[in-house]
Amino acid sequence: MNLKIRQGTPEDAQALGVIEFEAFKSIASQHNFPWDFPSVEIATAVVTMLLSHPRFYCAVAELDGKVVGSNFLDERNPISGVGPITVDPAVQNQTIGRQLMKAVMERSEKRGFAGIRLVQSAYHNRSLCLYTKLGFETRETLSKMDGRPIGKKFAGYEVRPATENDLPECNRLCVRVHGHDRAGELRDALKAGTAKVVEHLGRISGYATDIGFFSHAVGETTQDIIALIADAGDFSSKGGFLLPTRNGELFRWCLNNGLRLVHQMTLMTIGLYNEPCGAYLPSVLY
């Protein structure tokens, strides 16, 4: 097998978008779950965005000169995030995925990140076994939620758009909950105009880069996260969102307010990991 791993470029977007769509479609269909990407166009748009971002690294696999897969590494924060990783269904189970994982893990180590994290679909047994063999530990079971906007407000919890002035307090809150900040993602969300904070008792008690599959949120309490979800607009167009299944209060509230469970996912880590001291929503990267 003449396999080559190289760094991706924006010129790879079209080929990788097709593979992204077909790979996720294939595994989801095998288990009768909804596709992660509803069309090739949307998958290509996501890949194009990642390839053009200066703080995402892309490893591309070429087999006999043909692009057959890719993996991404989010390098915006003290912890690196892996994914999405995809291999052309026609050439899967030939260790290509393992080589793509090793490429980003070596990159993360060389660049001095304190840890690596990823989120995998719980129904995909092969990927769970691969990541475990590579040294990842299972940390959290996650529930992917979707549904219509809730549109509720709660007395004493004011949700508003975040500003640059809120950055230090949001970062302190993230460190308090997770032991590290996610400042790179938060800055991107501020530029995009999607970041929000919730204020309780006259101070910031939570924030969200957005409520969506690629977004995260942090709060002092579950009620802070509930206020952010309840205020959010359409999250179906953003792929739904993830919540820690063990947070029964939050999971129950979502179900009682008309949201539905799509499927379960698994948060896995290598390196620095602290048990969360507060409430949070992870992104699909971690």
Every residue in segment 139-187 that is of a type outside the set (A, V, I, L, M, F, W, C), touching a residue at least 12 places away in the same chain (Cβ under 8 Å) and out of contact with any strand residue (DSSP E or B) (no Cβ under 9 Å at 6 or more places or on another chain), please.
148, 149, 151, 152, 164, 171, 179, 181, 187
Please count how many residues of segment 1-45 are without any contact (Cβ under 8 Å) to a residue 40 or more places away in the chain and basic (Lys, Arg).
1
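Here is a yes/no grid of residues against (1) out of contact with any helix residue (DSSP H, G or I) (no Cβ under 6 Å at 6 or more places or on another chain); (2) surrounded by fewer than 21 Cβ atoms within 10 Å (Cβ to Cβ); (3) under 13 Å from residue 271 (Cα atoms):
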position: 86; (1), (2), (3): no, no, no
position: 89; (1), (2), (3): no, yes, no
position: 92; (1), (2), (3): yes, yes, no
position: 99; (1), (2), (3): yes, yes, no
position: 107; (1), (2), (3): yes, yes, no
position: 112; (1), (2), (3): yes, yes, yes
position: 117; (1), (2), (3): yes, no, yes
Select the strands (runs of 3 or more DSSP E) contained entirely in segment 71-182, then report the ones holding at least 3 residues which are farther than 18 Å from residue 214 by Cβ and within 18 Å of the chain's Cα centre (by Cα).
137-146
Answer with yes or no whether residue 187 is out of contact with any Leu (no Cβ under 9 Å at 6 or more places or on another chain) and of a type in the set (Lys, Arg).
no
Considering 60, 67, which residue is assigned to a strand (DSSP E or B), in the same structural domain as residue 23 (by TED's automatic domain parsing) and surrounded by fewer than 20 Cβ atoms within 10 Å (Cβ to Cβ)?
67
Give the number of residues within segment 215-265 that are surrounded by 15 or more Cβ atoms within 10 Å (Cβ to Cβ) and at pLDDT below 95.
3
Quick test of your reading of the structure: residue 251 fulfils all but one of (1) assigned to a helix (DSSP H, G or I); (2) within 28 Å of residue 75 (Cα to Cα). Name the failing condition by number.
(2)
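The values are calculated or read from the model by the stated rules, or taken from the named source; none is laboratory data. In this text, all values refer to a predicted model and were calculated from it rather than measured experimentally. Cβ coordinates were reconstructed from backbone atoms using ideal geometry, including for glycine residues, and neighbour counts include every protein chain displayed.
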